[in-house]
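Some notes on the structure that comes next.
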Amino acid sequence: MSNETEQTTDRDSDGGLVVDLWVRRPVCGPRTTVIDRLSALRTAGVLDEFSVTTWPEEIALTGDDTQDDLLETIAGFEDWAADRGLSLRPPFETRTASLLVGDSEDVLTTPMLLAAAYEDGDLVGIYPCSDGTKTWTIPAFLDALEAGEERTPTGAGTDAVLPATERPTS
């Protein structure tokens, strides 16, 4: 399944808060709830923009069917998290899938939802993520934005909540 962008964004256009939401199909239930909340935050001026991109449930890591651009994006997310003592696993999981012809391939299972937050063009948060003790979720991130705060994942096992006027830039 190809990626389909539902809304586009230019992260560097005005330096405000932008959220990229990655979702599995079908886009219904909790996924539409998150999209509706992002839309309300954009209307309220809390977000400058957001985008919604669908991704497949699994991405082949071996063979001819790999999606290198998408795997590169995910690797960037994982590097950002690792640099901060955080992990995106789960919800990303690597496993071996059996094929109908008796062969197998390694696949990366994607989460149902993942949000990447950018400020001034820099990645400042990925949701969900965990430090092994605490998990930062998309609903909690949106709750904090609605309250005028930004939830920022940290690797210190603490829940850093900063006022909107003191958001980090990296």
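Output yes when any residue across the range 118-139 is assigned to a helix (DSSP H, G or I) and out of contact with any helix residue (DSSP H, G or I) (no Cβ under 8 Å at 6 or more places or on another chain), and no when none is. So far as the range 118-139 goes, no, none of its residues is assigned to a helix (DSSP H, G or I) and out of contact with any helix residue (DSSP H, G or I) (no Cβ under 8 Å at 6 or more places or on another chain). Taking first residues from the range 25-36 that are within 13 Å of residue 52 (Cβ to Cβ) and partners that are assigned to a helix (DSSP H, G or I) and modelled with pLDDT of 90 or more, the Cβ contacts under 8 Å between residues at least 6 apart in sequence or on separate chains come to 27/35; 34/138; 34/139; 34/142. Among the conditions (1) more than 17 Å from the chain's Cα centre (by Cα); (2) assigned to a loop (DSSP other than H, G, I, E, B); (3) among the hydrophobic types (A, V, I, L, M, F, W, C); (4) closer than 20 Å to residue 16 by Cα, residue 47 misses just one, which is (1).
Note on the range 13-39: among residues that are closer than 21 Å to residue 120 by Cα and at pLDDT 95 or above, the one that is surrounded by the fewest Cβ atoms within 10 Å (Cβ to Cβ) is 39. Among the residues making up the range 70-88, those that are surrounded by fewer than 14 Cβ atoms within 10 Å (Cβ to Cβ) and not hydrophobic (A, V, I, L, M, F, W, C) are 72, 76, 79, 83, 85. If the condition is being out of contact with any strand residue (DSSP E or B) (no Cβ under 8 Å at 6 or more places or on another chain) and either over 19 Å from residue 20 (Cβ atoms) or touching a residue at least 12 places away in the same chain (Cβ under 8 Å) (or both), then the range 83-93 contributes 84, 85, 89, 90. Just one of the numbered conditions (1) within 11 Å of the chain's Cα centre (by Cα); (2) of a type in the set (A, V, I, L, M, F, W, C); (3) surrounded by fewer than 18 Cβ atoms within 10 Å (Cβ to Cβ) is not true of residue 52: (3).
The values are calculated or read from the model by the stated rules, or taken from the named source; none is laboratory data. Just so it is clear, the model here is predicted, and its values are computed rather than measured. All Cβ positions, glycine included, derive from the backbone under ideal geometry; neighbour counts span all protein chains shown.
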